[in-house]
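Shown next, in structure tokens, is the structure this report addresses.
The values are calculated or read from the model by the stated rules, or taken from the named source; none is laboratory data. Because the structure is a prediction, the values reported are computed rather than measured. Counting neighbours? That spans all protein chains shown, and the Cβs are built from the backbone with ideal geometry, glycine included. To get the accessible areas, we keep the full protein, side chains included, count just its heavy atoms, and leave off ligands, DNA and RNA. Shrake-Rupley method; radii C 1.70, N 1.55, O 1.52, S 1.80 Å.
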Amino acid sequence: MEGSIAPPNGIIGTATLPAGLRGDYAHALEDGTLPAEAIRRTEADHATWRTLVARQRALFPGRAADAWLKGLDRLRCDYAVPDLDQASDILEDAAGWRLVPCPGLLPDGQFFDLLARRRFPVTSWIRRPDELDYVVEPDIFHDFLGHVPLLTDPAYARFLEAYGRLGQKAAARGLLTPLARFYWFMVEFGLIEQADDGSGSAAPGLRAYGAGIMSSRAELLHAVDGDPARLRFDAFRVMRSEYRIDDLQPAYFVIRDYAELFEAIATAPALLDVANAATPIPPGGSHPQDEPWRT
Ligand code: HBI
Ligand code: FE
């Protein structure tokens, strides 16, 4: 899949990382983050960043959710790899979050602890010019361009903090699988209804906000212009849905607004055990109670 962002198999629900990850884990601190002095930026990095942002920018009109696009504009990050402290000042003012540099994927425990403290981990390295369309592990382009714009939206930011707190509890109870599915479908690949603004969208009334969509050309065109399955968001359905990490998604879930994610997490503790024990629905599978989303 273009810009694949999933933790390599074996991270979700485990406390350790697989060997051979690309980032500078040797310099990571106790909480998984990198000290500022460990980060090296080259002009080539900035050039790669500018190319990636310009390519995605061309696709956003009519496809990117308003709140996401407003956040991206507010971050003013089109022309150079962003400075996390400067971006954090904007996020803190908007919704109380800050960014922390990290080597890449973090073990679940560290990951949830950071989210619960309203700290979003942003990978420090950027893909090489020959990897513009495909990078196995999430780099700063995926993490920052994909995830950070929506952290300027208070409703979404509130949800992600609650998700982190629930992750801490779920980890202690060995119930991370349903939560990881929730993150995958709703944080990485979420779609949202949006009153049609006549901008000529391929899917009137539909917009994308998930980080894995926003940071990938192929996924954005597939999710909005293409013909995947699009289902009305249902937390229990999401928590029992398996997914593939190496291809375009066969199915997406559509929310009405970001508050719906917070409400789902508020009721999630009761669902985790049942979702964890339920028969999983395979990638692209359907279920009799599925509610197809239509404009
Ligand atoms: N670490 N840095 C980072 N970024 C993620 O998105 C991430 C992670 N560790 C674990 C993880 N995601 C998954 O377990 C989520 O599905 C929860
Ligand atoms: Fe991500």
Between G23, G174, G164, which gets the highest mean-square fluctuation from a Gaussian network model of the chain, Cα cutoff 10 Å?
-> G174
Mind listing the long-range amide H neighbours of R230? Cut-off is under 5 Å, sequence gap 5 or more, other chains count too, H placed in the peptide plane at 1.01 Å from N.
-> Y252, W293
Protection proxy ranking, peptides 130-138, 108-116, average beta carbon neighbours within 10 Å, highest first | 108-116, 130-138
Here the Kirkwood hydrodynamic radius of region 32-277, Cα-based and in Å, equals 18.2 Å
Share of region 32-277's accessible area from carbon and sulfur, percent, 1.4 Å?
-> 52 percent
Charge dipole (the chain, unit charges on Cβ, about Cα centre) - positive-most of T42, L114, F141 | L114
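Just to confirm, what accessible area per residue do you get for the chain at 1.4 Å probe, in whole Å²? Mind dumping the intermediate values first?
Working: 12240 Å² over 295 residues.
For the chain, the solvent-accessible area averages 41 Å² per residue.
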By the Cα gyration tensor axes a ≥ b ≥ c (a/c under 1.5 gives rounded; else a/b larger than b/c gives prolate, otherwise oblate), the shape of region 8-100 is prolate
Remind me, relative contact order of the chain in percent, using alpha carbon pairs under 8 angstrom and six or more residues apart?
-> 22 percent
Debye, to nearest 20: dipole size of the chain, +1 on Lys, Arg Cβ, -1 on Asp, Glu Cβ = 300 debye
So what is the 222 nm mean residue ellipticity for the chain from helices alone, if each DSSP H run of at least 4 adds -39500 (n - 2.57) and you divide by all residues, rounding to the nearest 500 deg cm²/dmol?
-> -10500 deg cm²/dmol
